[in-house]
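Novice: Here you go, one structure.
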Amino acid sequence: MSTMKTTYPRGWTAPGLSDSLSMPFMLGLFVFSITQPYLFNFGGFIMAPYRLLLLIMLVPLMLNWAAGKYNGFFLSDFLVLGHLMWMPISMIVNGQAAGMVTYVSSQFVDIVGGYLLGRAAFQNKEDLIYFTRCLLITLAILLPFAIIESIGKVMILNDLVEKIPLAEAHKRTTLAYEPRFGMLRAQTATPHPILYGITSAMAFSLGWLVLPHAKKPVKGVFGRLWRVSGSLGGTFFALSSGGWMNVMMQIGFMGYNKVFRQITARWKLLLWGFAAFYMFLVFYSERPPFVVLSRMVALDQGTAWFRYLIFEYGSAEVARHPIFGMGLFSDYIRAPWMIPSVDNHWLLQAMRWGYPGFLTLVVAAFYPLVKLGMKDYRGNTMLSDFRYAMIFSMFAYYISMATVAVWNIQYSLIMMMMGATVWLIKIEPPDPKAAPTDAEAEAAPRRQSYTRFSGPPRPRQSSSSVAAGPSLKRPPSPASR
């Protein structure tokens, strides 16, 4: 990848490279709602601040999307809708029609609302920069509470929420876990420590690769570290292997990309190398590759083995219910000593909705990453950095989702990121060598150049060419007429 920036002719602006923000107010409110650790329960319908925002925007977002106002249509649009449409079918088949309306409507707001917000609020580079800043500022606000919660073992946010009438604070999930390194696992405003960890980790690649292209760019390693301090600090104090693994993957991807940037096929080589390593574990390891890889990154070796058992028993349920799944099941066939939770978001979708519901979500999630990876941004450092920031952040988040079931705003947030990739996929930067059209040339600002020196000398004409050329006569003077 070339490190030279692409410069466009004066007056040119590529689609998606404008300086105007699309939906700054609503996008900023949505990101800031990560800091709100409470919800309201209206007869089983849970209303959290982020869900209220999405509910307000849902109808306008859907109408504008149907009109093709958000960069047209994209395959993931229909896959996300297909995933939601399969839910009520699965619940009816499993005899769960009684709670169908409440559950499906809430999921529709979270999933479709979050996705369409990404399609609407991300239309150009300034939107991505603005979102990155909002997310990093939000994480910086939560970091002091995480430190106090982890070291001081005082959950300030939960204590404050309990004083708000009618509000329900998130459960103090962290108290159910043994301390790690003598500290509590901070959950701050999220329902679970691992959700706080992976939310914090998500911002790392964005802050590192996107902010250097802002109008006031972040320069130097220390400047970048300062900007992502909320991301790194939150990931650390969550004390979750899912969050730590997330950040380590992003650092590894960025380092690999920088070291081998001259090799065009570097990502294919990485995939083949991982495939070879996996096959080596299959044939020569005494334990399943899933267990080996899990234990390599797990802070608690017991949880790695427990997740393997969840995968084994959960996969068996998927095989028994391949088409319609089990719906909103409360239990499944497992060892008697195991709790019924499923700490794997992808597996949980397959167990609930069968292969149709699982595949629509997986393809909707990974298809944008594949399309981004196929884009040719060589010669344009900014677009290349934006592409890698989105891929590294989202792919690491997807891997973390194999260690936890994602819900609440953390689910809407990753759905928003999925929708946010479309503008970057559809952008076609102009060829800097191409000449501007007449309309673009007229739109370009005109400026008269003044110089004390004359221009380059004209080539001298030969006497023959002068003789052969047309004669230049002065217009007759008034007196000669």
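Values quoted throughout were computed directly from the atomic coordinates according to the rules given, and no laboratory measurement underlies them. Computed from a predicted structure; not experimentally measured. Here the Cβ is made from the backbone with ideal geometry for all residues, glycine too, and neighbour counts use every protein chain on show.
Novice: Mind listing which chymotrypsin sites (Phe, Trp or Tyr not before Pro) in segment 314-386 are in a DSSP loop and have 13 or fewer other Cβ atoms within 10 Å? Mind dumping the intermediate values first?
Specialist: Working: sites: PHE324, PHE329, TYR332, TRP337, TRP346, TRP353, PHE358, PHE366, TYR377, PHE386; in loops: PHE324, PHE329, TYR332, TRP337, TYR377.
Qualifying residues, ordered by number: TRP337.
Novice: Quick one: which residues, 5 or more positions from ARG185 or on another chain, have an amide H under 5 Å from its amide H? H modelled 1.01 Å from N in the peptide plane, none for Pro or chain starts.
Specialist: ARG180
Novice: Could you order peptides 125-131, 57-63, 214-220, 191-197 by the average number of other Cβ atoms within 10 Å of their residues, highest first?
Specialist: Answer by packing, highest mean first, reads 191-197, 125-131, 57-63, 214-220.
Novice: Compare the Cα positions of TYR115, LEU348, MET91 along the charge dipole of segment 24-426 (+1 at Cβ of Lys, Arg; -1 at Cβ of Asp, Glu; about the Cα centre) and return the one farthest towards the positive end.
Specialist: It is TYR115.
Novice: If contacts are Cα pairs under 8 angstrom and at least 6 residues apart, what is the relative contact order of segment 24-426 in percent?
Specialist: In percent, rounded to a whole number, it is 24.
Novice: With the Cα gyration tensor of segment 24-426 giving a ≥ b ≥ c as the square roots of its eigenvalues, does the rule (a/c under 1.5 for rounded; else a/b larger than b/c for prolate; else oblate) give rounded, prolate or oblate? Provide the component values of the computation, followed by the final result.
Specialist: Numbers: a/c = 1.15, a/b = 1.10, b/c = 1.05.
Since a/c stays below 1.5, the shape of segment 24-426 is classed as rounded.
Novice: Of the cross-linked pairs LYS258/LYS426; LYS258/LYS371; LYS163/LYS215; LYS215/LYS268, which ones have a Cα-Cα span greater than 31 Å in the structure shown?
Specialist: LYS163/LYS215; LYS215/LYS268
Novice: Got a sec? Charge dipole of segment 24-426, +1 on Cβ for Lys and Arg, -1 for Asp and Glu; which of ALA396, ALA316, PHE253 is way out at the positive end?
Specialist: Final value for the positive-end residue is PHE253.
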